[in-house]
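Undergrad: Below you will find the structure I want to go over with you.
The values are calculated or read from the model by the stated rules, or taken from the named source; none is laboratory data. Given the structure is predicted, the values throughout are model-derived calculations rather than measurements. Note: ideal-geometry Cβ built from the backbone for every residue, glycine included; neighbour counts use all protein chains shown. Areas reflect the complete protein model, heavy atoms only, side chains present, ligands, DNA and RNA absent. Shrake-Rupley method; radii C 1.70, N 1.55, O 1.52, S 1.80 Å.
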Amino acid sequence: MSLDFFSAFIIGLLGSGHCIVMCGGISTMLTTAISDTSRHKKHAIILAYNFGRIASYSLIGALVAFTSSMATKNIGLPVSLLKTIAGVFLILLGLYLGQWFMWLSRVEHLGKNIWRYIAPQTKKFIPIKNVQSAFALGALWGWLPCGLVYSTLTWALASADALDGALIMFFFGLGTLPALLSVSLGTISIKSLLSHTLFRKIAASLVISYGIYTILILYI
């Protein structure tokens with residue numbers, strides 16, 4: 001596995017306490033909406049929703065990476081610059097997760113211009129009736145404005161390769177799974193750990209450290 005893919009997974013895992021805040025509500029609603037189904041179907045619907053979400057992350061990752069690949073080829077945009085931007089956003093993400101500096105909330109606000117057109121479409125798939133509607137709802141929910149997602153997208157941007165960009169976001173999405181599955185399946189211990197203040201502060205510090213390392217390794 002590429003180091004970038006593994007790093008994306010770890011970032012998703014470390015930042016997944018934020019996912020509980022951003023997407024915990026829809027995950028809880030999803031569980032409530034399918035409470036009358038069998039356990040097997042319930043689990044299938046929960047997984048379909050989450051992989052719909054991850055599919056959207058992957059698609060967005062491919063799109064931004066393809067854009068950067070065109071920029072590097074046609075106008076000579078340095079990949080090192082893109083990686084520096086990714087490192088800076090990791091530092092900002094760590095500060096955001098630790099609630100020390102909330103500048104990324106401004107970036108989230110920019111995404112609301114797109115989300116206001118997508119959000120009404122989610123109503124078509126609620127209440128959840130089957131695996132297909134769960135996947136579609138997840139695919140739409142994957143466009144929810146989120147500083148964690150946007151920060152990781154800068155890694156996809158820095159890859160300057162559509163396939164790598166898609167895979168970076170795919171592995172990031174896998175990293176967020178434990179948090180959201182814990183909400184949907186009622187695994188209190190995992191949810192409590194990921195939401196704990198100490199875990200959030202440690203995770204934030206690790207993300208900041210990795211962002212600094214990412215920049216330093218380019219210039220040392």
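Undergrad: Is it true that S80 is at pLDDT 90 or above and either farther than 19 Å from I60 by Cβ or of a type outside the set (V, I, T) (or both)?
TA: Taking the combined requirement at face value, the residue satisfies it.
Undergrad: Right, something else. Just give me the residues in segment 31-55 being at pLDDT below 65 and either part of a helix (DSSP H, G or I) or open to solvent by 30 Å² or more (accessible area, probe 1.4 Å) (or both), in sequence order.
TA: Listed by number, the residues that qualify are T31, T32, A33, S35, D36, T37.
Undergrad: Related question: May I ask you to list the residues in segment 80-105 that are over 18 Å from S159 (Cα atoms), outside any loop (DSSP other than H, G, I, E, B) and more than 17 Å from the chain's Cα centre (by Cα)?
TA: Once the filter is applied, which keeps residues that are over 18 Å from S159 (Cα atoms), outside any loop (DSSP other than H, G, I, E, B) and more than 17 Å from the chain's Cα centre (by Cα), segment 80-105 yields nothing.
Undergrad: Another one. I need every pair where a residue in segment 41-68 that is at positive phi and among the aromatic types (F, W, Y) has its Cβ under 6 Å from the Cβ of a residue that is in a helix (DSSP H, G or I) and open to solvent by 20 Å² or more (accessible area, probe 1.4 Å), sequence separation at least 6 or different chains.
TA: none
Undergrad: Among the residues of segment 106-137 satisfying the criterion of being among the charged types (D, E, K, R) and either closer than 22 Å to N50 by Cα or part of a loop (DSSP other than H, G, I, E, B) (or both), which is least open to solvent (accessible area, probe 1.4 Å)?
TA: In this case the residue turns out to be E108.
Undergrad: Identify the residue in segment 138-189 that is among the aromatic types (F, W, Y) and assigned to a helix (DSSP H, G or I) and, among all such residues, is least open to solvent (accessible area, probe 1.4 Å).
TA: Among those residues, the one meeting the criterion is F172.
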